[in-house]
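Reading through the structure tokens given below for one structure.
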Amino acid sequence: MKLGYTIAPGRGETNVLLSQIADRLLAQGVRIVGTVQTDADRTDGHKCDMDVRVLPAGRTIRISQDLGKASRGCRLDTDALESAVADVQAALVNGADLLLINKFGKHEAEGRGFRDVIAEALSREIPVLAGVNKLNRDAFLEFCGEAATELPADHASLDAWLYAAVGPRARLG
């Protein structure tokens with residue numbers, strides 16, 4: 001079972017790192033299914049908009065809700081996220097070299113989201129690379145047990161893991 005995860009230190013850094021990796025691997029012909037996230041800053045004082053792009057060449061889905069400037073609650077649009085999950089699940093049926101999930105987040109920590117997709121990929125012996133945030137690291141490790149390998153959030157470390165998990169086509173550097 002090949003399950004790797006990474007946690008970048010700064011806000012949004014995991015999203016950027018995994019997006020760069022996905023774009024490079026797709027350009028090399030690696031069959032990736034999953035999602036990458038883009039956060040778009042807003043000029044109106046609201047928090048950023050969060051979009052996921054369904055891989056390999058799927059649609060972009062806005063997964064954040066505009067709850068107003070003073071909101072403090074979770075802005076995740078769970079219906080939109082579940083739509084992305086369904087798209088990834090459908091793509092996984094056709095096989096893949098890698099499942100890449102932008103984040104094992106609060107929704108997954110609560111037992112929903114990409115959990116079943118991750119389990120299915122692993123049961124099909126498809127390597128999985130996931131972004132995880134510090135708040136949900138314990139829930140992620142509880143979900144996957146000792147099967148997961150924490151990877152430093154840098155291209156060299158992820159390149160080495162991907163090369164071992166996916167093979168020579170995953171050479172990023």
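Every number here is computed from the coordinates shown, using simple stated rules; none is lab data. Every value quoted in this text rests on a predicted model; they were computed, and no experiment measured them. Counting neighbours? That spans all protein chains shown, and the Cβs are built from the backbone with ideal geometry, glycine included.
Can you give the translational diffusion coefficient of the chain in µm²/s, computed by Stokes-Einstein from the Kirkwood radius over Cα pairs at 10 °C and 1.306 mPa s?
Details: Rh = 16.2 Å.
Answer, rounded: 98 µm²/s.
Just to be sure I understand the model, the point goes 7 Å from the Cα along the line to the Cβ. What's the resulting ASN133 to SER83 distance in nm?
Spacing of the two 7 Å Cα→Cβ label points: 2.1 nm.
Starting from region 99-173, pick out the trypsin sites (Lys or Arg not before Pro) whose DSSP state is loop and whose Cβ has at most 15 other Cβ atoms within 10 Å.
Numbers: sites: LYS103, LYS106, ARG112, ARG115, ARG124, LYS134, ARG137, ARG169, ARG171; in loops: ARG112, ARG124, ARG171.
Hits after loop and neighbour filter: ARG112, ARG124, ARG171.
Filter the GluC sites (Glu not before Pro) in region 113-173 down to the DSSP loop ones having no more than 14 other Cβ atoms within 10 Å, then list what survives.
Here the sparse-neighbourhood loop sites are GLU125.
What does the helix-only formula give at 222 nm for the chain: each DSSP H stretch with n ≥ 4 adding -39500 (n - 2.57), the total divided by the residues, and the result rounded to the nearest 500 deg cm²/dmol? Don't jump to the answer; show the numbers that get you there.
Numbers: 6 runs with 63 residues, N = 173.
After summing the helix terms and dividing by the residues of the chain, the value is -11000 deg cm²/dmol.
Using only the Cα atoms of region 114-155, what are the Rg and Dmax in Å?
Both quantities, over Cα of region 114-155: 10.7, 29 Å.
For VAL36, which sequence-distant residues (separation of 5 or more, or a different chain) have an amide H within less than 5 Å of its own amide H, given hydrogens modelled in the peptide plane?
ARG53, LEU55
Helix 13-27 versus the longest principal axis of the chain: what is the Cα-based angle in degrees, 0 to 90, to the nearest 10?
The helix 13-27 is inclined about 50 degrees to the chain.
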